[in-house]
């Protein structure tokens, strides 16, 4: 069932803002990889490069009251929902000023005040939490929605399929956003899944469609229609956004980076780059003046530089705080230390 | 005369009073609406299907649903009809709910209650319906309580719902129809406080849930032979009243841990090592454990019974310690 109406695109200023956000997502990730290589980030980082149009397009249809749940590849969702790159880098660098005070790292960054329930290290696991949030909105009579993001690999995870059913029977204001980048780590989707993903979702009773995930305008239009329907009590939807990650599944210092995916395939997707596409459209349609792009790119780089500086200058958590935040309410001996 | 209720009716009263007191309380589970005689009786009629929500057979999804509701200002209760069903939802319990508060750096509290009904062996229910899996949740850091009386069932249910962290309440199968005194007004029984259920001065038996009653029966039996047993009920297993445990061991100098979970890495193992570490010089004899055997609960009655911690084995252990 396709959306009944196709929302108009917002004004030029807003679309220029999308360009800026997408550029911010990309530069954030490219710099994060450098920080991994330089040893500033300990552990692994899953780059979102190539998929920027999905997070930016979908979150453009949301307000700060709406909730998103994210994935192991979560930086893009958080930035698109309004996350602060400085506090994000601080988290990646394990600093006390990070979103999670250095307790979560790349795979768990969250900003509950912005409705960001957090990245998640377990595939598909965030989706049911979005449903719980959506139910509380409904119970309180609030017009907000929840958007679980997940990848094509999650389409074979039981809890996600359970969540499709639950959202449908409870008529929850939820928009499931499937980022189909074609691979679960290195396994092509076709080897693990038969049929179209959006058709599988439709079989659960979700209003489901597939859109070009390399086109921020297409993602926005589909998301805005689904969000409007959900806010009006029209129930849950499913958007399959087809895109490509330019990078490997993840990066860690010292781990070889050999990409076995076909070169022609990679070149083809890179040729459809979402950022270049929107920039071209804005130019072609005369929606931004000459030189605007270079100016924005400089602004983004300056913001990134400032954010990294903030993170590097922040202190690491005190070892004495190791037991903090396990519980809201502690008791004598709880949590137990491991040495007394 | 004080009012008496069954254990299950005490849970029911706690739920009704908690729903009435706080509009953010909701409940999810399987077959929780439209029931006449159970812990959820009358809840949907009184508080509506939006707060008392029947769920499909999707334990992972409804457990995660509760986590999301808790992050959004709700105070959800998740009912597991059978204790072994927690294994179906383990990712959502252990990887998500238990870990989120720390991973979020304390951004939000996670007030979720897991009500685990009919815990333990109910007789002839075989391997997948007879577990008492509290050590799994305790190992994951989930606060865990096992009320042994109707009065505590009500008080701990209310306390668990009010607590700003995930709390698992195990309601033992063997206690649900038992009656006891229950005050009518709402009250919370504090977590982390053990109770001496029977005073004695020669041996401490640590017992919880369904085993408290059995330990008291054994204590009465051996009392005829002049053996004085103190029965100490931890009530709350995590947090554990370590001071109360040390106090009773200091008083008696002998300890039997009587526990209805598996032996290896079970609750009795934890209590024994705590006492060995902290009370070594108070001990007059080695610590003994009477626990489940490390086997899947068998179906047929003689072997089911033989796999569980029973009165005879406790009595033998108590007598052996003073022989």
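Here the simple spin-label model places points 7 Å from the Cα toward Cβ, and for residue B:187 and residue A:142 these points are separated by 3.7 nm.
Take every pair of alpha-carbon atoms less than 8 Å apart whose residues are at least six positions apart; their mean separation over the length of the range B:26-145 yields a relative contact order of 24 percent. For the protein assembly as shown, the spherically averaged projection of the C-alpha convex hull amounts to 32.3 nm². Axis of helix B:267-278 versus longest Cα principal axis of chain B: the two differ by about 60°, to the nearest ten degrees.
Averaged over peptide A:160-169, the number of partner chain Cβ atoms lying within 10 Å of each residue's Cβ comes to 4.
Axis angle, to the nearest 10 degrees, between helix B:242-252 and the longest C-alpha principal axis of chain B: 20 degrees. Using the Cβ-Cβ distance between residue B:301 and residue A:187 with R0 set to 51 Å, the FRET efficiency from 1/(1 + (r/R0)^6) comes to roughly 0.55.
Rounded to a whole number, what is D in µm²/s for the range B:4-181 from Stokes-Einstein with the Kirkwood radius over alpha-carbon pairs (4 °C, 1.567 mPa s)? Don't skip to the end; give the middle numbers.
Numbers: Rh = 16.0 Å.
Estimated via Stokes-Einstein, D reaches 81 µm²/s.
Summary of packing: across the peptides B:257-263, A:52-58, the per-residue average of other C-beta atoms within 10 Å ranks them, highest first, as A:52-58, B:257-263. Each of residue B:57 and residue B:164 was given a label point 7 Å from its Cα along the Cα-to-Cβ line. The distance between the two points is 4.0 nm. With a ≥ b ≥ c taken as the square roots of the eigenvalues of the C-alpha gyration tensor of the range B:60-106, please select rounded if a/c is under 1.5 and otherwise prolate if a/b is larger than b/c or oblate if it is not? Cα axes put the range B:60-106 in the oblate bin. A Förster distance of 56 Å, applied to the separation of the beta-carbon atoms of residue A:261 and residue B:223, puts the FRET efficiency at 0.15.
Taking 56 Å as R0, compute the FRET efficiency from the Cβ-Cβ separation of residue A:312 and residue B:46 and round it to 0.05.
0.50
In percent, what relative contact order does chain B have, based on Cα pairs under 8 Å that are 6 or more apart in sequence? Relative contact order comes out at 16 percent.
One decimal place: the segment residue A:14-residue A:298 gains 100.4 nm when fully extended, by the rule 0.36 nm per residue minus the C-alpha distance. Each of the peptides B:166-179, B:274-287 was scored by the mean count of other Cβ atoms within 10 Å over its residues; in descending order, highest first, they stand as B:166-179, B:274-287.
Other protein chain C-beta atoms within 10 Å of residue C-beta, averaged over A:133-144: 5. Highest mobility in the GNM of chain B, judged by mean-square fluctuation with C-alpha springs under 10 Å and restricted to B:252, B:204, B:291, is found for B:252.
Would you compute, from DSSP H runs of 4+ residues alone, the mean residue ellipticity of the protein assembly as shown at 222 nm, taking -39500 (n - 2.57) per run and dividing by the full residue count, rounded to the nearest 500?
Mean residue ellipticity at 222 nm (helix-derived): -11500 deg cm²/dmol.
At q = 0.13, 0.16, 0.19 Å⁻¹, what is the base-10 log of I(q)/I(0) for the range B:195-322 according to the Debye formula with one equal point scatterer per Cα and no solvent? Please give it to two decimals. Normalising to I(0) and taking log10 leaves -0.47, -0.72, -1.01.
Semi-axis lengths, largest first, of the ellipsoid equivalent to the range A:199-293 are 29, 24, 12 Å, with √(5λ) applied to each eigenvalue of the Cα gyration tensor. In chain B, the longest principal axis of the Cα atoms and the axis of helix B:210-223 are about 20 degrees apart.
Which of the three applies to chain B, rounded, prolate or oblate, going by the alpha-carbon gyration tensor with a ≥ b ≥ c and a/c under 1.5 meaning rounded? Because a/c hits 1.5 or more and a/b exceeds b/c, chain B counts as prolate.
Each of residue B:319 and residue A:171 was given a label point 7 Å from its Cα along the Cα-to-Cβ line. The distance between the two points is 6.8 nm. Please check which bits of the range A:87-107 a label hung off residue A:320 would reach, taking the label as a point 7 Å along Cα-to-C-beta and the cut-off as backbone N under 17 Å. From the range A:87-107, the list is A:96. Each peptide in A:173-185, B:30-42 receives the mean, over its residues, of other Cβ atoms within 10 Å, and ordering these scores from highest gives A:173-185, B:30-42. When every Cα-Cα distance of chain A is counted in 10 angstrom steps from zero, the calculated P(r) takes the values 6, 25, 34, 25, 9, 2, 0 percent.
Every number in this text was worked out from the coordinates using simple rules, so none of it is lab data. Because the structure is predicted, anything quoted here is derived from the model rather than measured. In this analysis, Cβ positions are derived from the backbone assuming ideal geometry, glycine residues included, and neighbour counts consider all displayed protein chains.
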